[in-house]
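Taking it in order: structure first as structure tokens, then the write-up.
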Amino acid sequence: MKYWLMKSEPDEFSIDALKQKKSEPWSGVRNYQARNFMREMRVGDLIFFYHSSCPEPGVVGIAEVGSETHPDPTQFDAKSDYYDAASKQEEPRWLLIDVKYKRKLKRTISLDEIKQLDLGDFALTRRGNRLSVLPVTKSQWDQILALE
DNA sequence: GCCAACGTTGGC
DNA sequence: GCCAACGTTGGC
């Protein structure tokens, strides 16, 4: 069992939106590193749902991986913002998984608090980090969740 | 293969 | 809205 963190701008897709929809195909990831992490995901892995680009960035909920990776259909949709003309049906460049709602945290565990923990090397708090999908170790997971 | 220009992310 | 950091693109 592995642990992950996935970012979303609450204006675009919030934890409340996920709660309402129960599960969401996570389309639109267009970064190779993030894609490669998704490829390592297995059904049942746990995900910190993180709100970014908002008044209080931080972990707001827990989700789980609801499917194996499969091709992201938006890459083939010319009308989509995520359309990639260079990606071929026979060899899809971009993948997605389904993100399944588990629960909302009692409160937001802010980025500020997370930075104050001693988490070692952590992609979320690495300087200049922009990854939207990143791995979390069990120890990092437990330390962050202990703040709830 | 280098690297400047450009676009995007995301905290503040 | 600003801007640092970083990934990608494309000319050479």
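Values in this text are rule-based calculations from the coordinates and carry no lab data. Remember, it's a predicted structure, so these values are computed and weren't measured experimentally. So basically every Cβ, Gly included, is an ideal-geometry build from the backbone, and we count neighbours across all protein chains shown.
Modelled spin-label separation between residue A:30 and residue A:142, with each label point placed 7 Å from Cα along the Cα-to-Cβ direction: 4.0 nm. Pairs of Cα atoms nearer than 8 Å and 6+ residues apart set the relative contact order; for the range A:38-148 it is 24 percent.
For the range A:7-113, GluC sites (Glu not before Pro) meeting the loop criterion (DSSP other than H, G, I, E, B) and having at most 15 other Cβ atoms within 10 Å: A:12, A:40, A:68, A:90.
So, with +1 on the Cβ of K and R and -1 on the Cβ of D and E, and no other charges, what is the size of the charge dipole of chain A about its Cα centre, to the nearest 20 debye?
Details: 23 positive and 23 negative charges, 45 e Å.
Dipole size: approximately 220 debye.
Taking 0.36 nm per residue of sequence separation and removing the Cα-Cα distance, the residue A:80/residue A:42 pair yields an extension gain of 11.0 nm.
Summarising the label geometry, the points placed 7 Å from Cα in the beta-carbon direction at residue A:22 and residue A:125 lie 3.7 nm from one another.
Mind checking the range A:50-148 for trypsin sites (Lys or Arg not before Pro) that DSSP puts in a loop (not H, G, I, E or B) and that have at most 14 other Cβ atoms within 10 Å?
Values: sites: A:79, A:88, A:93, A:100, A:102, A:103, A:104, A:106, A:107, A:115, A:126, A:127, A:130, A:138; in loops: A:79, A:93, A:126, A:127, A:130.
Passing both the DSSP loop test and the Cβ count: A:79, A:93, A:126, A:127, A:130.
Give me the net charge of residue A:82's neighbourhood, meaning all other residues with Cβ under 12 Å from the Cβ of residue A:82; Lys, Arg count +1, Asp, Glu -1. Residues close to residue A:82 contribute a combined charge of -1. Round to the nearest 0.05 the FRET efficiency obtained for residue A:90 and residue A:9 when R0 = 30 Å and r is the Cβ-Cβ distance. Between residue A:90 and residue A:9 the formula returns 0.35. The alpha carbon gyration tensor of chain A gives principal lengths a ≥ b ≥ c with a/c of 1.5 or higher and a/b greater than b/c, which makes the shape prolate.
The chymotrypsin sites (Phe, Trp or Tyr not before Pro) of the range A:29-92 that DSSP puts in a loop, and whose beta carbon has at most 13 other beta carbons within 10 Å, are A:83.
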